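The values are calculated or read from the model by the stated rules, or taken from the named source; none is laboratory data. Small disclaimer: the values here were computed from a predicted structure and weren't measured. In this analysis, Cβ positions are derived from the backbone assuming ideal geometry, glycine residues included, and neighbour counts consider all displayed protein chains. We work out accessible area using only protein heavy atoms, side chains counted, and drop any ligands, DNA or RNA first. Shrake-Rupley method; radii C 1.70, N 1.55, O 1.52, S 1.80 Å.
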Amino acid sequence: MREKKRRPGGEWPRHGVQAFWALLTNSYLTGFASGKIYGGKLKQLCVPGLNCYSCPGARGACPIGAMQAVIGSRNFKFAFYVAGFLMLIGAIMGRFVCGWLCPFGLIQDLLHKIPFPKKLRTFRGDRALRRLKYAILLVFVILMPLFLVDMLGQGAPYFCKLICPAGTLEGGIPLVILNKAMHGAVGWLFAWKSAILIATIFLSIVIYRPFCKYICPLGAVYSVFNKVAVFRYRVEEERCIGCGKCARVCKMNCDPEKDPNDRECIRCGLCRKSCPAGAIQRG
């Protein structure tokens, strides 16, 4: 009975932090009323999580969107700023950002709580498919904006334009609803992005955080730092009893006993709370 009481409330404190951060970084309420994007000085600063630049309420810039916008331009200073920002956040927190500060991560978390006849914990090819996010980072965020440029030498944010369901949900749909002038401009690209969003919503109900596992280039960046980040986990071997409970409760399919700083770990803390011996510590 004790375990049943601990587990339901285990994630809600984290969801509260996620919700607070989502509201804080999307606090330009005038934008939701007017359908106009915030253009103040704060928009020059990046936020840690995936948060669409075009969201009417967004106060800051998405680091992935910012990287694409400047990687093919001559504004190298800003490109260095974005790269430095990602490395700094990654070196301090790793994928803690994914678990606690990303608005689209919160949306996936809540969607997965919707009842469904059969939830998929894992499947054949799951681990191999997780490498896809690194390919998307390389191709859509770096190479395409760098080499596919216009006559002025400017690249386009291809990941945002062709793939990102967070941008469709947070920016595309609200702007189309709030601006009648945009209704006539809706075409195949909006339909394509909407189809990706619908698929992501359905998959999020069935699979825990499919976008984070397989698609998100920001998660790919932060995952590289998981093993060396200042905030990381450690297992005290003298306490560990080898029960395997931490691996069973992990929704990202990590095994903290073997690798407490797996690249897929989003620091949700379920493994720490479930450990009967208190062997998993933060450090």
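Numbers at a glance
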quantity: Region 175-195 - residue that is under 22 Å from Cys62 (Cα atoms) and touching a helix residue (DSSP H, G or I) at 6+ places or on another chain (Cβ under 7 Å) and, of those, most open to solvent (accessible area, probe 1.4 Å); calculated: Phe190
quantity: Residue in region 156-187 that is farthest from Gly105 (Cα to Cα), counting only those that are within 18 Å of the chain's Cα centre (by Cα) and aliphatic (A, V, I, L, M); calculated: Leu162
quantity: Some residue of region 191-205 being assigned to a loop (DSSP other than H, G, I, E, B) and at pLDDT 95 or above; calculated: no
quantity: Helices (runs of 4 or more DSSP H) contained entirely in region 92-161, each with at least 2 residues that are in contact with a Ser or Thr (Cβ under 8 Å, 6 or more places away or on another chain) and on the phi < 0 side of the Ramachandran plot; calculated: 103-112
quantity: Complete set of residues in region 217-248 that are more than 30 Å from Met144 (Cβ to Cβ) and small (Gly, Ala, Ser); calculated: Gly242, Gly244, Ala247
quantity: Qualifying residue in region 262-269 (condition: more than 22 Å from His15 (Cα to Cα), among the hydrophobic types (A, V, I, L, M, F, W, C) and open to solvent by 10 Å² or more (accessible area, probe 1.4 Å)); calculated: no
quantity: Tally of residues being outside any loop (DSSP other than H, G, I, E, B), open to solvent by 20 Å² or more (accessible area, probe 1.4 Å) and modelled with pLDDT of 90 or more across region 45-87; calculated: 3
quantity: Residue that is modelled with the highest pLDDT [pool: residues in region 1-22 that are part of a loop (DSSP other than H, G, I, E, B) and closer than 28 Å to Glu170 by Cβ]; calculated: Glu11
quantity: Helices (runs of 4 or more DSSP H) completely within region 217-283 that count 1 or more residues being in contact with a Ser or Thr (Cβ under 9 Å, 6 or more places away or on another chain); calculated: 245-249
